[in-house]
Structure formats: C-alpha cells, structure tokens
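Heads up: the structure comes next, in structure tokens.
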Amino acid sequence: MRIAFAGKGGSGKTTLSSLFTRYLAALGLPVVAIDADINQHLAEALGADREPPALGAHLPEIKEYLRGSNPRIRSAAAMVKTTPPGRGSRLLQPGGPDPVHDLAVDTPCGARLLATGPFTEDDLGVACYHSKTGAVDLNHLIDGPGEYIVVDCTAGADSFASGLFTRFDLTVLVAEPTRKGISVYRQWQDYAAGYDVAIAVAGNKVHGDSDVAFLRSQAGADLATWIGHEPAIRAMEQGRPFALADLSATTLAALGVLRDRLDAQHRDWPSYARQAAEFHVRNARAWASAAAGEDLTTQVDPDFTLGPSAVGAPLA
C-alpha cells in the first residue's frame, strides 16, 4: 500500500509522514519511507543518525538494473522518469534486495528510509527537481497488502509533472485551517479529476471546533482527520527525545484513521498500468523522444501484465 503526504510548504507534511511511518513500524508492519521533498528533513524527523545516499545520484545504475533484458529499452540512457516495465524488466519489492533498497538506511523505529537527495552544486541553475523525483520509480514496484510505502512529497503540486500523482493508493493533503492552507488541496482536487486518485485531507495545527468546521466546509467528506496542539511533536521538532507513546490518544487515533483509509483502498493493477503507459506516451511525445533521439513510445509493452504475478517472471 502506498501513501503520499503532500501540501503547502510548512503545513507539516514531513511531520505527519514521519509520525505515520513510526505508527506503522510500531505495529510491526514492514514500511519503507521515501523523502521526495526538495527540503530533505525526513531522516531527522525519523531520528536516523545519517541521511541515506541520494537516489538521484545513482540513477544510471538503478536504470540499468530495472531495464534488465527488456528488448524495448535500448539502453539505460534511453529510460526516462516515466518508462514503464515490460517483459524482461526487473521489478522491485518493498525492502529489496536490489540496488534501490541497498541505498536505504535503517531508522530507530524500524522503518527503512530512502531519499531522492538534495540539489548538488552541478544542479544549480541547470536542473529542476523533477530529475530527482524521477528516482522514486513506483512504476517498477510491486507491493501488496500489509506492505507500506510512505512518501513525503515536495510542496505544492509538483507531483503532477510526471504522473507521479497517480502512483499512490491514497494521497493525504496536509492542510492548516486557513485559506492558504487549503489551497494545495484545491489544486490536487482539480488536477487529479478524472484519474481516479484517492485524496484525503488531514488537518494540522487545529486549535478548536471552529478550525475543524472551516476544514469541513472546504474539504467535505475528504476531511479524514486532524491533529491539534501536540507537545510531543514540538519536542521532536526541537530535537528532544521522542517516542510514539508520548503522543496523545487523540493523535494516535488520527494516525489510525489514516491507516484505515489507506487499507480500504483497492489497487486496480490494469488501470494502474494503463495510467503509467498514458503518461509515458505523453512525456515521450512532448519531449523525451526528441531528447533521446528515438521514439520512446515503443517502450510500452502491450503484452506485459503488471501486478504480483509478474514478480519472479523470467527475464526475456
């Protein structure tokens, strides 16, 4: 199951991503957290003693691994951020072993952590952050019920630049109870219309019934839960010792609501594969084929079946 946390900058999405990751791990569930935010703070929020190696710095070897013996992909250099798997491709499973999960670090709560990585000096003035988020290759990931991927997205609606917004079972928009706070939810709601994207709103920094009423008036049934003032969270953000048990019963219940909402989602693998192919063809026609000097729409394998049955299939 895959869940993304998105929202306006400063809304608290990294905090909620880390709390939800800790919550799942405390239940003994396998969870991989991915920091895909341009401001990389998830390692700190999870209490990791170091940052993971940047996925974005290892794209050539990751692409080469995923390409496998897929005859539709001429070389790793011909793979772009939307290239879907086909017969002969290697697929990922949560936790590995593979060159992606080899870059993960273990966190004190028991979750594994991956990170896209920050801008490097060579990127400044040259690259956009999409080149980093492309390392979050969920197209090649086969996960099942009881396996959790938690992604802390970059602020705003940047995930719509590649089709990444369709790769999650649930996207949680973290929103403060203000007009600005709810604005990114509105963007996601508008952009995702027609793509069968499940969205929930989690209110943050909620101070009373009037704040809840405001969020409900703006989000309606999409408002799943909310979190109010929580001294334990402030302590965590100030670098003081933190344990999940330090949270109030109300906040723990809110995390449980998000898990229930996530677990209730149904993964439609055929639809998932169709969306991956659609966005790849769009990108190929818009820029990728010209950049590669070849027609990348042919990378779509119409005879490949994406889903759990593809795991362990022989390389072509």
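Are any residues in region 198-213 buried (at least 19 other Cβ atoms within 10 Å of the Cβ) and out of contact with any Asp or Glu (no Cβ under 9 Å at 6 or more places or on another chain), and if so, which ones?
Answer for region 198-213, where residues must be buried (at least 19 other Cβ atoms within 10 Å of the Cβ) and out of contact with any Asp or Glu (no Cβ under 9 Å at 6 or more places or on another chain): just Ala202.
Tell me which residues, restricted to region 278-316, are under 28 Å from Pro97 (Cβ atoms) and assigned to a helix (DSSP H, G or I).
Listed by number, the residues that qualify are His280, Gln299, Pro308, Ser309, Ala310.
Confirm whether Ala221 is surrounded by fewer than 21 Cβ atoms within 10 Å (Cβ to Cβ), aliphatic (A, V, I, L, M) and at pLDDT below 95.
no
Looking for something modelled with pLDDT under 95, in a loop (DSSP other than H, G, I, E, B) and surrounded by fewer than 23 Cβ atoms within 10 Å (Cβ to Cβ) - is there at least one such residue anywhere in region 24-39?
Looking for residues that are modelled with pLDDT under 95, in a loop (DSSP other than H, G, I, E, B) and surrounded by fewer than 23 Cβ atoms within 10 Å (Cβ to Cβ), one finds at least one in region 24-39, hence yes.
Take the conditions touching a residue at least 60 places away in the same chain (Cβ under 8 Å), crowded, with 24+ Cβ neighbours inside 10 Å and touching a Ser or Thr at 6+ places or on another chain (Cβ under 6 Å) and apply them to Ala48. Does it pass?
No; evaluated as a whole, the condition is false for this residue.
Give just the number: which of (1) surrounded by 14 or more Cβ atoms within 10 Å (Cβ to Cβ); (2) not in a helix (DSSP H, G or I) does Leu252 not satisfy?
Against the list (1) surrounded by 14 or more Cβ atoms within 10 Å (Cβ to Cβ); (2) not in a helix (DSSP H, G or I), Leu252 comes up short only on (2).
Are there any pairs with C-beta distances below 9 angstrom linking a residue in region 6-20 that is at negative phi and outside any loop (DSSP other than H, G, I, E, B) to a residue that is of a type in the set (Phe, Trp, Tyr) and at pLDDT below 90, with the two at least 6 apart or on different chains, and if so which?
Once the first residue is at negative phi and outside any loop (DSSP other than H, G, I, E, B) and sits in region 6-20, its partners that are of a type in the set (Phe, Trp, Tyr) and at pLDDT below 90 give Ala6/Phe165.
Please go through region 60-87 and pick out each residue that is part of a loop (DSSP other than H, G, I, E, B) and either of a type in the set (Val, Ile, Thr) or over 18 Å from Glu294 (Cβ atoms) (or both).
Scanning region 60-87 gives Gly68, Ser69, Ile73, Val80, Thr82, Thr83, Pro85, Arg87.
Considering only region 258-267, how many residues are in a loop (DSSP other than H, G, I, E, B) and touching a residue at least 60 places away in the same chain (Cβ under 8 Å)?
Residues meeting the conditions: 2.
Return the residue satisfying two criteria in turn: it lies in region 142-194 and is at pLDDT below 90 and of a type in the set (Phe, Trp, Tyr), and of such residues it is surrounded by the most Cβ atoms within 10 Å (Cβ to Cβ).
Phe165
Which ones in region 40-59 are assigned to a loop (DSSP other than H, G, I, E, B) and within 23 Å of Pro241 (Cα to Cα)?
Gln40, His41, Leu46, Gly47, Ala48, Asp49, Arg50, Glu51, Pro52 - these are the residues of region 40-59 that are assigned to a loop (DSSP other than H, G, I, E, B) and within 23 Å of Pro241 (Cα to Cα).
Take residues that are closer than 28 Å to Gly95 by Cα and tell me which of the helices (runs of 4 or more DSSP H) falling wholly in region 127-231 contain 1 or more.
The qualifying helices (runs of 4 or more DSSP H) are 130-133.
Return the residues of region 53-97 that are of a type in the set (Asp, Glu) and at pLDDT 95 or above; say none if nothing qualifies.
Across region 53-97, the qualifying residue is only Glu64.
Return only the number of the condition from (1) among the hydrophobic types (A, V, I, L, M, F, W, C); (2) under 20 Å from Ala276 (Cβ atoms); (3) in contact with a Phe, Trp or Tyr (Cβ under 6 Å, 6 or more places away or on another chain) that Leu91 does not satisfy.
(3)
The values are calculated or read from the model by the stated rules, or taken from the named source; none is laboratory data. Source: prediction; values computed, not measured. We place every Cβ from the backbone using ideal geometry, glycine too, and count neighbours over all the protein chains shown.
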